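Working notes, beginning with the structure itself.
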Amino acid sequence: MKPVVALVGRPNVGKSTLFNRITKSRQALVDDMPGVTRDRQYADTQWEDKNFTLVDTGGFLSADDDYFASQIREQLLRAVDQADVLVFILDGRAGLSPYDRDLADLLRRTEKPVFYLINKVESLHRQEDELGEFYTLGVDRFYKVSAEHGLGVGDFLSDLVAMLPDAPAESGEQGDDDDNGPIRIAIIGRPNVGKSSLANRLFGEQRVVVNDKAGTTRDAIELSVNRKGREFILKDTAGIRRKGKVTDKLEKFSILKALDSMEDCDVALILIDCSEGITDQDITIAGYAEKRGCGAIFLLNKWDLVDKSEKGQQAFIKELRQKARFLSFAPALTISAKTGQRCHKIFDEVEKVYKEYCHRINTGMVNRIIEDAVYRDEPSLHKGRRIKFFYASQVAVKPPCFVCFVNYPEAVHFSYKRYLVNQLRQMIPLNLTPVKLYFREKTGKIEFSGNTKEFRRIQAKKKKVMTKRDKQRKEQSRRKRERDQKNAL
């Protein structure tokens, strides 16, 4: 296990800014508004060849000062309990606060090593008497840093890693095609559909803040889960509302991070609130997942609140299939994240989808499937000429991508493309994953003599330019001779 370093402090002292500075990323949301961070954010980093895990926490407040203060405080205390070293961050501009004194007393009782940082000190030569009030905490040494500009951070990190135990060296990362690597899952959906509740249910403990208030989650929080010897990386994301309703800058960044999480994931869990029915925004979010080419599973959440006598499971799934026909391959489950109903089936479905998502087939089999499909139903003519399929091959996985080389790629109708995709799904089979099919023009054999089509085009263009220049020179010579004859007369 790598040593764990936790960043703690009251709101708006620069914890997330320092977290991004040390991890050399933009993983944590940063804004001038206090209280942006609510959940624990973990990231692996290193300094001077020493690896450690850095934890960003929410701001420390009393339970009555903020709507989420009690839950944020609970998350902070768990981070402090797990950490090997604590970093207490103070605000050099605002000065000392009563919350700083309360948190300092709390950290002393842990008997863990604590580094005290005074952040937002843009001049490292600032006089000690200007920061004298911080010494009333009874601390011998403070590190003056500026997380935004990086001043003093290097000296602090050097002293920090000197206290950390040696961590095991990083092994090489597994390739994207390694079926035994971790499966990345993104939990997406509208606000307040139960994404964080599901993340906690799958993780096995209260890992992220859950509240009835919409917009509780802001950062995209990664959770690592081991199940039956397989690692899953869950990413809890912020709710995605309609663009016209999003006006707050912070919410815009949260939605962008949620959309980016679909770029990196293997399977997207699309949560739908059954108690409110299937909305247009649910279908829009499903379209985002389809556009990014990741695997998808529909989870009809809050099934315990639905009156089954009015609308049963089959009716819900039938309505979903009609509205989201573009994701007809995505399986659907009715669950309840609050009670845990059928949540144990989610990982099994994810593994099934991921297995097909990484499926690879040899070129000979692909060609036989395409050849048989074209034989049974030939494509329509293009300007009186037959569209010929020369050969096909799988070129990528995650998702499976195929390329067909034809003589007129732009003439293949989208309905015929859909027919070929369905044949691939049926014969391979690939029933739970998106399938990409592309058409390319066959270029023919390589001409080493230089007598290629491109070479002839360039030569013809050069000849045309030279002919034009010769005509211009002849015309100039003729006019010059005429002027000379007139002058001689």
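The values are calculated or read from the model by the stated rules, or taken from the named source; none is laboratory data. As the structure is a prediction and not an experimental result, all values here were calculated from the model. Ideal geometry is used to build each Cβ from the backbone, glycine not excepted, and the neighbour counts take in all protein chains shown. When the accessible area is computed, the model is the full protein with side chains, heavy atoms only, and any ligands, DNA or RNA have been set aside. Shrake-Rupley method; radii C 1.70, N 1.55, O 1.52, S 1.80 Å.
General observations
- Failed condition for Lys15, given (1) on the phi > 0 side of the Ramachandran plot; (2) touching a Gly at 6+ places or on another chain (Cβ under 7 Å): (1)
- Applying the condition of being touching a Gly at 6+ places or on another chain (Cβ under 8 Å) and open to solvent by 10 Å² or more (accessible area, probe 1.4 Å) to segment 259-304 and asking which residue is farthest from Thr334 (Cα to Cα) yields Asp266.
- Qualifying residues in segment 236-252 (those that are under 13 Å from the mean Cα position of the chain (by Cα) and either of a type outside the set (Ser, Thr, Tyr) or open to solvent by 90 Å² or more (accessible area, probe 1.4 Å) (or both)) - the one nearest to Gly35 (Cα to Cα): Ala238
- Wholly enclosed strands (runs of 3 or more DSSP E) of segment 1-69 bearing at least 2 residues buried (at least 18 other Cβ atoms within 10 Å of the Cβ) and in contact with a Pro (Cβ under 9 Å, 6 or more places away or on another chain): 50-56
- Taking every residue in segment 240-260 that is closer than 21 Å to Arg184 by Cα and pairing it with any residue that is part of a helix (DSSP H, G or I) and open to solvent by 90 Å² or more (accessible area, probe 1.4 Å), at least 6 positions away or on another chain, the pairs with Cβ-Cβ distances below 9 Å are Ile255/Lys243.
- Residue count, segment 27-58 (criterion: among the charged types (D, E, K, R) and closer than 20 Å to Gly154 by Cβ): 5
- In segment 430-482, residue modelled with the highest pLDDT [restricted to those that are part of a helix (DSSP H, G or I) and among the small types (Gly, Ala, Ser)]: Ser477
- Within segment 371-414, being open to solvent by 20 Å² or more (accessible area, probe 1.4 Å) and in contact with a Ser or Thr (Cβ under 6 Å, 6 or more places away or on another chain) holds for one residue alone: Ser393.
- Selection status of Asp178, part of a loop (DSSP other than H, G, I, E, B), surrounded by fewer than 13 Cβ atoms within 10 Å (Cβ to Cβ) and modelled with pLDDT under 85: yes
- Hey, Lys308 over 17 Å from Thr433 (Cα atoms), within 30 Å of the chain's Cα centre (by Cα) and not aromatic (Phe, Trp, Tyr) or not: no
- Residue check, Gln314 loosely packed, with under 13 Cβ neighbours inside 10 Å, farther than 14 Å from Asp273 by Cβ and among the polar types (S, T, N, Q): yes
- Summed over segment 339-387, residues that are more than 15 Å from Gln423 (Cα to Cα), of a type outside the set (Gly, Ala, Ser) and touching a residue at least 40 places away in the same chain (Cβ under 8 Å) total 15.
- Tallying residues that are open to solvent by 20 Å² or more (accessible area, probe 1.4 Å), closer than 17 Å to Ser261 by Cα and not small (Gly, Ala, Ser) within segment 205-235 yields 4.
- Filter pass, Ala330 being part of a loop (DSSP other than H, G, I, E, B), closer than 23 Å to Leu424 by Cα and under 23 Å from the mean Cα position of the chain (by Cα): yes
- Any hit, segment 118-128, residues being in a helix (DSSP H, G or I), over 30 Å from Asp212 (Cβ atoms) and either of a type in the set (Gly, Ala, Ser) or free of Cβ contacts under 8 Å to residues at least 60 places away in the same chain (or both): yes
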